[in-house]
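Heads up: the structure comes next, in structure tokens.
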Amino acid sequence: MKKNTKIWLLRACLGLLILANMLVIFLFSAQSGEQSGETSSKVTQAVAEITVKDFEQKTQQEQTQIVEKMHPPVRKLAHMAEFGSLGALTLLLLLTWRGGLLWRYGAALAFTLLYAATDELHQLLAENRGPRITDVLIDLSGAVITCTLILAVALLIKHRKGNKKMKLQTTRYNIKGSKGIKGIKLAIASDLHGCATEEILKRLGEEQPDLILIPGDLIDDEGLRNASNTCYGFLSACAAIAPTFYSLGNHELACYHKGNPWRHPIPVPIPQTVKTRIAQTGAILLDNNSVLHGEVRICGLTSGINGKKNEPDAKTLADFASQTEYRILLCHHPEYFMPYIKDTDIELTLCGHAHGGQWRFFGRGTYAPGQGILPKYTSGVLENRCVISRGLGNHTHIPRIFNTPELVIVEIE
């Protein structure tokens, strides 16, 4: 059977199931108040017999009390199930066509909401029944639950299939320069986490930046200790394109939980052998120190995660803030900016770490380490002097949702 035939057959089956679901809802709504109450009482009785221990051994009065108590929530759950299945079937049907997942998710909910509203109006024609806004919201909640589950599964499948060929976005920002600095093009490659680098290197070659800056989490500490790890090839390729500066994030310092979410991370210093290996690539490692490159001074502020604390090295920051050149600070953690960096006059800070908040809805991230739920600093530019990258890779099994990895290009005007 041809692929197109199978798809149309699937669409026909889903369409018939949707019509059958709508018909069932319509017939239940056509019942009078007494008939509807009797039907839901029978269903509640059956549920009680299954869920309540020794239900059949209780007296008739006790059984009646249990059924009466269970009746309202069971009735509402039945409505949620009816409209939950309608929303799920509608979304599955829409998923057989190409297009954005979010609009199809919204379309399925909108259709379910519309039918829930008409269903309540239909009850005006039934004896002893009438419409309620609360019932519409209950019906819609059932669809929200089922459609959200399907959306999550679809996104996970999409993530796993496209993990090796993940789309890459180039994000551009213009920053006003000072101290006579202008016309400098910076490429920020943050949070690679050992991801495939072919497309990234291709973009970097096309952009031809003046500097390539990596503010942490290129790879974890185990990767750095492996001399054959691809991260060294990436650093060499970057250094061949433009001067490359690399600072350390929490993953390079073994500050990650390794499957134990209750363990407080403890940093492990970078061995001299690893530092030598990085230097051999042509990239410059900045580990709580700074270097002068032309008229620009660049500092790498190493991740300060240590046990329960998460704060930068105060001396490094103070020494760098006292320098007179145009200063660019590689700072892995964006949550450091407001309490520690904002009150200095450092011209430009480049961050990563937050991964864009992992799941982004309406331009906002949902969670970021160090900031928690609904974080403030996950992407964009703060005060025209702090650029936050959403990162290029992903070190967890949780997919990035509506959060395309980005190579950030900053042009100092």
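Read-outs throughout are calculated quantities, based only on the coordinates presented, and are distinct from any laboratory measurement. Predicted model only: the values in this text are computed from it and were never measured. Quick reminder, even Gly has a Cβ in these numbers, built from the backbone with ideal geometry, and neighbours come from all protein chains shown.
Residues whose amide H comes within less than 5 Å of that of Ile175, counting only those at least five positions distant or on another chain, are Glu411, Ile412, Glu413 (H built at 1.01 Å from N in the peptide plane).
In the chain, Cα pairs under 8 Å separated by at least six residues give a relative contact order of 15 percent. Amide H to amide H, with H built 1.01 Å from N, Arg129 comes under 5 Å of Gly33, counting only residues 5 or more places away or on other chains. In this structure, the pairs whose alpha-carbon distance is over 28 Å, taken from Lys309/Lys342; Lys158/Lys308; Lys179/Lys315; Lys202/Lys275, are Lys158/Lys308.
Take the Cβ atoms of Lys42 and Thr396, set R0 to 41 Å, and the FRET efficiency comes out at 0.30. Calculated [222 nm] ellipticity per residue, helices only, for the chain: -14500 deg cm²/dmol; basis is -39500 (n - 2.57) per DSSP H run with n ≥ 4, divided by all residues, nearest 500. For the chain, complete DSSP H runs whose alpha carbons reach 15 Å or more along their own long axis and whose mean Kyte-Doolittle score is -1.0 or higher are 3-30, 33-51, 60-94, 101-122, 133-162, 230-241. By its C-alpha gyration tensor, with a ≥ b ≥ c as the square roots of the eigenvalues, how is region 1-100 shaped: rounded for a/c under 1.5, else prolate for a/b larger than b/c, else oblate? Note, shape of region 1-100 comes out prolate. Amide H contacts for Ile284 (H built 1.01 Å from N in the peptide plane; partners 5 or more residues away or on another chain; cut-off under 5 Å): Thr244, Phe245, Tyr246.
Computed extension gain for Lys202 through Ile157, at 0.36 nm per residue and net of the alpha carbon distance, reaches 13.5 nm.
Summarising the label geometry, the points placed 7 Å from Cα in the beta-carbon direction at His293 and Glu411 lie 1.9 nm from one another.
Couplings 3J(HN,Hα) for region 123-131, derived from phi with the Karplus relation 6.51 cos²θ - 1.76 cosθ + 1.60 (θ = phi - 60°), are 5, 5, 7, 8, 5, 6, 9, x, x Hz, where x marks Gly and Pro. Listed values (i) 33, 25, 24; (ii) 36, 25, 21; (iii) 57, 24, 20 include one computed from this model; for semi-axes √(5λ) of the Cα gyration tensor in Å that value carries the label (iii). Remark: relative contact order (region 1-138) = 34 percent; criterion is Cα-Cα distance under 8 angstrom and separation of 6 or more residues.
Pull out a ≥ b ≥ c, the square roots of the eigenvalues of the alpha-carbon gyration tensor of region 169-412, then state rounded if a/c is under 1.5, prolate if not and a/b is larger than b/c, and oblate in the remaining case. Walk me through the numbers before you get to the answer.
Working: a/c = 1.18, a/b = 1.11, b/c = 1.06.
Since a/c stays below 1.5, the shape of region 169-412 is classed as rounded.
Residue separation of Asn306 and Leu102 scaled by 0.36 nm, minus their Cα-Cα distance, works out to 69.5 nm of gained length.
Sort 80-91, 205-216, 229-240 by the packing proxy (mean of other Cβ within 10 Å over each peptide's residues), most packed first.
Those peptides, ordered most packed to least, come out 80-91, 205-216, 229-240.
Karplus-based coupling profile of region 177-194, in residue order and whole Hz: x, 8, 6, x, 8, 7, x, 9, 10, 10, 10, 10, 10, 10, 6, 6, 6, x, with θ = phi - 60° in 6.51 cos²θ - 1.76 cosθ + 1.60 and x standing for Gly or Pro.
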